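Worksheet: the structure to be examined is printed underneath.
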């Protein structure tokens with residue numbers, strides 16, 4: 001009885017949450033030949049992992065404990081950590097919960113979605129390895145262990161990117177991702193080795209105790225190596241082309257994990273090293289570095305997304321654009337900013353997961369993701385359309401969906417930072433964030449028009465709605481999108497503010513593992529209060545009334561319910577001077593919308609097109625150049 | 001003496017990166033990744049080295065305060081890193097084979113269907 005009580009103590013839950021995923025992976029590799037056995041094993045392990053993470057909410061977030069767990073009870077000898085540790089504070093648990101939710105929904109979705117592929121056994125093995133890697137990375141309290149988990153998740157992600165290896169560009173995307181991802185991992189390992197050489201420890205808490213007081217050239221270089229290494233995992237500029245390739249080519253259920261969870265683990269790594277290991281976020285220059293990279297990611301990726309005509313590739317660029325928001329908010333180093341950034345991280349996982357699943361549903365039924373070949377699917381797939389629209393409205397920041405709540409907080413945080421620090425640059429960041437949001441909306445208008453509205457191409461006449469299992473998975477994400485949008489106060493109080501507060505209490509983090517944290521640099525965080533009143537429920541009412549009014553107007557007026565179908569004989573839109581009257585509507589292709597904008601900015605777009613050359617050497621060069629610049633920067637300012 | 005190790009390690013890492021950036025042959029890219037990895041291994045092993053130390057293999061009765069041995073932690077890290085390096089090589093070569101089948105070339109300048 002005592003033993004059972006010991007085994008079920010919540011102290012062990014972090015390692016269980018990681019272990020069940022790896023166990024599931026190995027069991028499926030061994031016994032997964034039978035489809036039913038495989039599905040049950042996969043569902044069991046993702047559900048167990050979700051439950052263990054949920055059970056940790058009570059001690060870690062509500063009671064504010066920090067769980068320090070030494071594997072094999074090997075803890076501290078002679079003042080040095082000699083065992084491998086897991087350390088779970090509210091920040092770790094926040095990212096773990098995010099991962100567990102996305103893993104669960106995507107796992108449920110893939111049971112139907114992957115049913116037409118062969119080698120399903122290998123798929124689930126790799127999928128659970130990827131999930132276990134993410135889980136292990138965010139819960140780890142040991143820098144080298146983090147590196148191992150990063151390698152596991154990179155490998156699983158590369159293998160899953162190439163999973164449909166006959167699909168266009170899948171192997172190419174996987175190879176590019178492997179080369180640059182491995183360079184990033186090498187950077188992380190070199191950084192870890194250099195920190196170990198200086199401090200003789202790998203434990204995160206002890207590093208946080210020792211590193212800030214002993215800064216020298218080697219530790220500064222280690223900072224740059226770790227920062228750029230985790231940057232490749234978060235796909236922030238200049239690594240965004242790999243994200244576009246990898247998310248675009250991977251199966252949709254994997255894209256959800258790569259874009260919703262893997263990028264977050266990179267962001268988690270960056271928060272850990274900047275706020276905890278080096279405690280350098282108090283420096284204005286370090287804030288500049290993060291905010292600058294974040295803003296550039298935000299803007300460059302959204303413009304790149306506008307120019308895409310592949311559904312998933314477009315979503316992939318948007319994904320990094322939203323990660324730019326998160327990084328910008330995290331880089332502000334205010335309580336409100338960090339809380340807003342983490343809030344946006346939740347929302348990004350939810351709406352981007354929903355959008356990728358919707359794209360996967362379209363691909364599953366039509367066999368293509370080319371925007372120019374799709375159209376009019378709202379008539380054939382009404383549920384998917386509604387779910388997609390919820391995701392699109394969320395990512396574009398339309399009230400009352402969740403994207404608005406977090407973007408609003410980010411605008412306020414950047415503005416407040418500008419007022420407090422008197423730095424005009426942060427106002428510019430607010431403006432860039434606003435423009436990015438507008439461009440996001442523009443490109444989702446384009447997607448929804450060219451996929452779900454407009455005319456149905458004749459070859460898509462036989463398209464059906466996707467199965468209930470897939471709709472259920474999308475429905476979970478959509479519901480969460482609405483809930484997190486309608487009750488922002490609950491999300492900030494119970495999730496993001498404890499996590500943000502944990503990021504500012506480095507001393508507690510160090511002392512939880514039994515080290516002396518008195519030397520930790522305390523960063524003044526400011527308050528979570530924000531100006532302005534935000535009443536999402538009343539906005540929901542406004543939205544409903546507007547929808548009702550439009551419906552009534554449409555019903556009262558003459559509403560021709562004609563079924564439009566694109567003729568196979570070519571579109572009369574292109575017969576400029578003598579055609580066009582025959583058809584009352586003609587399909588506007590994905591490339592044609594916003595042509596004026598693209599024309600006016602043709603210099604910028606052609607420059608960007610040349611820059612994203614698709615040659616792996618160029619991307620490797622960017623990685624090396626990024627490392628060189630960040631290293632120079634950190635040697636000067638740290 | 002140990003300084004030479006550090007110089008060689010960082011030289012190897014830089015050489016590996018140089019190979020990846022400048023060579024247009026996919027197999028050479030893989031070789032570049034391996035060279036960088038060997039550099040990291042050398043760096044790790046050099047960090048744990050104590051001049052005059054023995055191998056860190058003891059039973060409890062042998063271990064006392066006069067034992068002088070090299071740091072075992074970097075050796076464990078190096079072993080892990082070697083395994084990962086082997087995986088990188090195997091996986092990237094497998095992808096190169098697939099790429100050659102699909103594109104008919106291993107020139108990186110021609111493998112660029114995904115761009116822009």
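The values are calculated or read from the model by the stated rules, or taken from the named source; none is laboratory data. Predicted, not measured: the structure shown is a model, and the values here were computed from it. Glycine gets a Cβ as well: all are built from the backbone with ideal geometry, and neighbour counts include every protein chain shown.
Data overview
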{"quantity": "Matching option when the condition is within 30 Å of residue A:472 (Cβ to Cβ), surrounded by 23 or more Cβ atoms within 10 Å (Cβ to Cβ), under 24 Å from the mean Cα position of the chain (by Cα) and in contact (Cβ under 8 Å) with a residue 24 or more places away in the chain, among A:88, A:108, A:60", "calculated": "A:60"}
{"quantity": "Answer from A:27, A:21 - the residue that is closer than 16 Å to residue A:132 by Cα, free of Cβ contacts under 8 Å to residues at least 40 places away in the same chain and either buried (at least 18 other Cβ atoms within 10 Å of the Cβ) or touching a helix residue (DSSP H, G or I) at 6+ places or on another chain (Cβ under 7 Å) (or both)", "calculated": "A:27"}
{"quantity": "Residues of the range B:42-60 classified as away from every other protein chain (no Cβ under 12 Å) and either touching a helix residue (DSSP H, G or I) at 6+ places or on another chain (Cβ under 9 Å) or more than 20 Å from residue A:198 (Cα to Cα) (or both), total", "calculated": "9"}
{"quantity": "Test for residue A:236: is it in a loop (DSSP other than H, G, I, E, B) and touching a residue at least 40 places away in the same chain (Cβ under 8 Å)", "calculated": "yes"}
{"quantity": "Top-ranked residue of the range B:90-111 - restricted to ones that are closer than 30 Å to residue A:196 by Cα and facing another protein chain (nearest Cβ under 10 Å), ranked as surrounded by the fewest Cβ atoms within 10 Å (Cβ to Cβ)", "calculated": "B:91"}
{"quantity": "Single residue of A:465, A:459, A:420 found to be farther than 25 Å from residue A:287 by Cβ and part of a helix (DSSP H, G or I)", "calculated": "A:459"}
{"quantity": "Single residue of A:222, A:205, A:218 found to be within 22 Å of residue B:77 (Cα to Cα), in contact with a strand residue (DSSP E or B) (Cβ under 9 Å, 6 or more places away or on another chain) and either within 12 Å of chain B (Cβ to nearest Cβ) or part of a helix (DSSP H, G or I) (or both)", "calculated": "A:205"}
{"quantity": "Conditions (1) more than 9 Å from chain A (Cβ to nearest Cβ); (2) surrounded by fewer than 18 Cβ atoms within 10 Å (Cβ to Cβ): number failed by residue B:78", "calculated": "(2)"}
{"quantity": "Test result for residue A:163, modelled with pLDDT of 90 or more, assigned to a helix (DSSP H, G or I) and under 25 Å from residue B:90 (Cβ atoms)", "calculated": "no"}
{"quantity": "Qualifying residue in the range A:360-381 (condition: in a helix (DSSP H, G or I), within 20 Å of residue A:482 (Cβ to Cβ) and modelled with pLDDT of 90 or more)", "calculated": "yes"}
{"quantity": "Residue ID - surrounded by the fewest Cβ atoms within 10 Å (Cβ to Cβ), chosen from residues in the range B:6-23 that are away from chain A (no Cβ under 12 Å) and touching a residue at least 12 places away in the same chain (Cβ under 8 Å)", "calculated": "B:11"}
{"quantity": "So residue B:59, is it touching a strand residue (DSSP E or B) at 6+ places or on another chain (Cβ under 8 Å) and over 21 Å from residue A:151 (Cβ atoms)", "calculated": "no"}
{"quantity": "Residue that is within 9 Å of chain A (Cβ to nearest Cβ), modelled with pLDDT under 95 and in a loop (DSSP other than H, G, I, E, B), where the choices are B:114, B:63", "calculated": "B:114"}
{"quantity": "Answer residue from the range A:609-623, given it is at the interface with another protein chain (Cβ under 8 Å from one of its Cβ atoms) and buried (at least 18 other Cβ atoms within 10 Å of the Cβ) and is nearest to residue B:26 (Cα to Cα) among those", "calculated": "A:616"}
{"quantity": "Breaking point among (1) without any contact (Cβ under 8 Å) to a residue 40 or more places away in the chain; (2) farther than 18 Å from residue B:17 by Cβ, for residue A:222", "calculated": "(2)"}
{"quantity": "Residue in the range B:24-39 that is on the phi > 0 side of the Ramachandran plot and either at the interface with chain A (Cβ under 10 Å from one of its Cβ atoms) or modelled with pLDDT under 90 (or both) present", "calculated": "no"}
{"quantity": "Qualifying position, being surrounded by 22 or more Cβ atoms within 10 Å (Cβ to Cβ) and under 24 Å from residue A:282 (Cα atoms), among A:430, A:414, A:440", "calculated": "A:414"}
{"quantity": "Some residue of the range A:170-178 being within 12 Å of another protein chain (Cβ to nearest Cβ), in a helix (DSSP H, G or I) and under 20 Å from residue A:80 (Cα atoms)", "calculated": "no"}
{"quantity": "Test: residue in the range A:294-306 that is buried (at least 24 other Cβ atoms within 10 Å of the Cβ), within 21 Å of residue A:502 (Cα to Cα) and either in contact (Cβ under 8 Å) with a residue 24 or more places away in the chain or more than 14 Å from chain B (Cβ to nearest Cβ) (or both)", "calculated": "no"}
